[in-house]
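Peer 1: This is the structure, below, for whatever I ask next.
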C-alpha cells in the first residue's frame with residue numbers, strides 16, 4: 001500500500017520539475033499562436049513562436065544542469081514539439097502561406113510515428129524512441145521554415161523568400177529521409193529485443 005503514494009508523489013514531482021513545466025508552458029503558447037495566425041497578425045505569431053522555440057532549448061538545458069531528466073520529460077518534450085510544429089504548419093496552410101503538400105507530409109509522418117510508438121510501447125514494451133540525427137535535422141528545418149514563412153509576411157525581402165523556400169524544400173526531403181530512417185531504427189531495436197529475449 002505504501003508503494004502507491006510513493007509512485008504518485010514521484011509522478012507529481014516529475015510534472016512539477018522546472019524542465020517539464022517549461023514544456024507544458026510551450027504547449028500553452030499554441031492556441032495563442034494559432035489565434036494570431038488566423039487573425040493574420042504574423043509579427044505577434046512569430047514572437048510567440050520564437051519564445052516557444054527558446055523554451056524548448058531551455059528545458060533541455062535545465063534538465064541536464066539540474067539533473068531533472070525524467071521519463072515523463074522524454075515523452076512530453078517530443079510530443080510538445082510535434083503538436084506545435086504540426087499545428088502551425090496546418091494553420092499556415094489554411095491561411096495559404098505554406099503549400100499543402102508540405103503540411104500533408106509533415107502531418108502524415110508525425111501521426112504515423114506517434115501511432116507506431118504507441119503500438120510498439122503497448123505490444124512490445126519498446127521505450128527507446130530517441131530522435132535520430134535525421135529527425136533532429138528535420139525538426140530544425142521545420143522550425144526554420146515556419147520562422148521564415150512568418151518573417152516573409154513581416155519583412156518581405158528577397159533573402160527571406162530564398163530562406164523560406166530553401167527550408168521548405170529541406171523539410172520535404174528530410175521528412176521522407178527521417179521517416180525511412182525511423183522505420184530502420186525501430187526494426188533494429190525490435191531485433192535487438194528479440195535477440196536479448198532469446199539469449200535470456
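The values are calculated or read from the model by the stated rules, or taken from the named source; none is laboratory data. All values derive from a computational prediction rather than experimental measurement. Glycine gets a Cβ as well: all are built from the backbone with ideal geometry, and neighbour counts include every protein chain shown.
Peer 1: Which of the numbered conditions does residue 97 fail, given that it passes all the others? Conditions: (1) surrounded by 13 or more Cβ atoms within 10 Å (Cβ to Cβ); (2) modelled with pLDDT of 65 or more; (3) assigned to a helix (DSSP H, G or I); (4) in contact with a helix residue (DSSP H, G or I) (Cβ under 8 Å, 6 or more places away or on another chain).
Peer 2: (3)
Peer 1: For region 59-80, name all the residues that are modelled with pLDDT of 60 or more and in contact with a helix residue (DSSP H, G or I) (Cβ under 8 Å, 6 or more places away or on another chain).
Peer 2: Within region 59-80, 76, 77, 79, 80 meet the criteria.
Peer 1: Considering only residues of region 81-94 that are surrounded by fewer than 17 Cβ atoms within 10 Å (Cβ to Cβ) and modelled with pLDDT under 95, which is farthest from residue 152 (Cα to Cα)? Reasoning before the result, please.
Peer 2: Restricting attention to region 81-94, the residues satisfying the condition of being surrounded by fewer than 17 Cβ atoms within 10 Å (Cβ to Cβ) are 83, 87, 94.
Next, only the ones that are modelled with pLDDT under 95 stay: 83, 87.
Working: 83: 23, 87: 19 Å.
Going through the qualifying residues, I end up with 83.
Conditions (1) modelled with pLDDT of 70 or more; (2) closer than 19 Å to residue 47 by Cα; (3) over 22 Å from the mean Cα position of the chain (by Cα); (4) not in a helix (DSSP H, G or I), marked per residue:
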{"site": "119", "(1), (2), (3), (4)": "no, no, no, no"}
{"site": "122", "(1), (2), (3), (4)": "no, no, no, no"}
{"site": "130", "(1), (2), (3), (4)": "no, no, no, yes"}
{"site": "142", "(1), (2), (3), (4)": "yes, yes, no, no"}
{"site": "165", "(1), (2), (3), (4)": "yes, no, no, no"}
{"site": "179", "(1), (2), (3), (4)": "yes, no, no, no"}
{"site": "183", "(1), (2), (3), (4)": "yes, no, no, no"}
{"site": "193", "(1), (2), (3), (4)": "no, no, yes, no"}
